[in-house]
Amino acid sequence: DPEALEERVKFNNSEADFIEESLSDIPGLVSFHSRGNYILFDAGGTGKKGKEMVKYAEEHELIFRPNNPMYDSEGWFRITIGTKDENRMAIKVVRDFLTK
């Protein structure tokens, strides 16, 4: 179903852009622009660890994925694009954790 696939790609891309833009003002958080189904982040510049972010998300009923430490940072985690509501919840959880 090429039309449904095209709609899903447009949705994912627009939501990825929205998530990245919504979190772009957090000092020390780096996002890696994506056209896939997830966005990779490095929160090392905030002083927080990716595994701590993942744990906090789980406590708020969201599943983020950790990444192994690399490039002298332990801040790596990723968020898979979900529904609009899930994505807004993810933004709130990231913002709450990294700015407290």
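Of the residues making up segment 38-48, none is open to solvent by 70 Å² or more (accessible area, probe 1.4 Å) and either among the basic types (Lys, Arg) or modelled with pLDDT of 95 or more (or both).
Annotation for segment 80-89: at least one member residue is surrounded by fewer than 17 Cβ atoms within 10 Å (Cβ to Cβ) and assigned to a strand (DSSP E or B).
When Phe18 is tested against (1) in a helix (DSSP H, G or I); (2) in contact (Cβ under 8 Å) with a residue 40 or more places away in the chain; (3) over 20 Å from Asp85 (Cβ atoms), exactly one condition is not met: (3).
Of the residues in segment 7-14, none is within 10 Å of the chain's Cα centre (by Cα) and open to solvent by less than 50 Å² (accessible area, probe 1.4 Å).
For segment 46-59, check the following and say yes or no: at least one residue is of a type outside the set (Gly, Ala, Ser) and within 12 Å of the chain's Cα centre (by Cα).
Filtering segment 46-59 for residues of a type outside the set (Gly, Ala, Ser) gives 46, 48-49, 51-56, 58-59.
Subset that is within 12 Å of the chain's Cα centre (by Cα): 53-54.
Scanning segment 46-59 turns up at least one residue that is of a type outside the set (Gly, Ala, Ser) and within 12 Å of the chain's Cα centre (by Cα).
So how many residues does segment 20-57 have that are under 30 Å from Lys10 (Cβ atoms) and among the charged types (D, E, K, R)?
Applying the first criterion (under 30 Å from Lys10 (Cβ atoms)) to segment 20-57 yields 20-26, 29-43, 50, 53-54, 57.
Next, from what is left, pick out any that are among the charged types (D, E, K, R): 20-21, 25, 35, 42.
Of the residues in segment 20-57, 5 are under 30 Å from Lys10 (Cβ atoms) and among the charged types (D, E, K, R).
The values are calculated or read from the model by the stated rules, or taken from the named source; none is laboratory data. What you are looking at is a predicted structure, and each value in this text was computed from that prediction instead of being measured. All Cβ positions, glycine included, derive from the backbone under ideal geometry; neighbour counts span all protein chains shown. We work out accessible area using only protein heavy atoms, side chains counted, and drop any ligands, DNA or RNA first. Shrake-Rupley method; radii C 1.70, N 1.55, O 1.52, S 1.80 Å.
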